[in-house]
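Computed from the coordinates by the stated procedures, all read-outs in this text should not be read as laboratory data. For clarity, every value in this text was computed on a predicted model and none was experimentally measured.
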């Protein structure tokens with residue numbers, strides 16, 4: 001009986017540890033999650049790309065970012081959208097920041113480039129806006145910073161960080177979870193930039 005209890009206890013520890021790893025790093029993948037990984041493509045494997053409905057995201061007054069609201073994915077121009085879903089509590093998200101900065105320097109003028117956190121920000125939140133801005137500045141963020149506490153878009157993230165590239169028509173073209181190099185991020189963004197003639201798998 002005691003042996004059974006010990007084994008059950010060990011199993012419970014393994015489940016909890018595994019769930020924690022999934023929360024931070026996401027589910028394991030073979031190079032793609034939503035948009036076909038290194039080869040682009042669709043999320044369902046059926047030749048159809050998923051369309052992402054725009055959500056109104058509050059933006060923060062921070063380096064490279066202005067306070068206001070913005071529709072994500074971009075819907076008021078012909079630019080694709082790149083989203084980095086992150087959390088200030090997430091060590092891999094900190095590790096991701098230099099590659100994001102390098103990718104932004106390379107293709108930031110060609111896309112709506114935004115990092116979004118679903119953390120509750122404010123006096124009664126997980127952190128204050130000043131603390132978020134300090135974190136952003138400390139890690140050299142210099143592009144649009146958005147808040148999504150109701151997870152209107154953040155539900156798409158399967159782990160942290162998650163990167164997504166969405167074409168100008170709102171179709172998801174690439175998505176991966178985990179820390180990426182600048183080259184990997186730019187290659188993912190290029191899947192959305194390359195979709196200019198027709199929908200390429202869209203409805």
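Percent of Cα-Cα pairs more than 21 Å apart in the stretch 85-158, please.
Every Cα pair in the stretch 85-158 considered, those over 21 Å come to 25 percent.
What do you get for Rg/Rh over the stretch 31-193 if you use C-alpha atoms and the Kirkwood form of Rh?
My calculation of the ratio gives 0.94.
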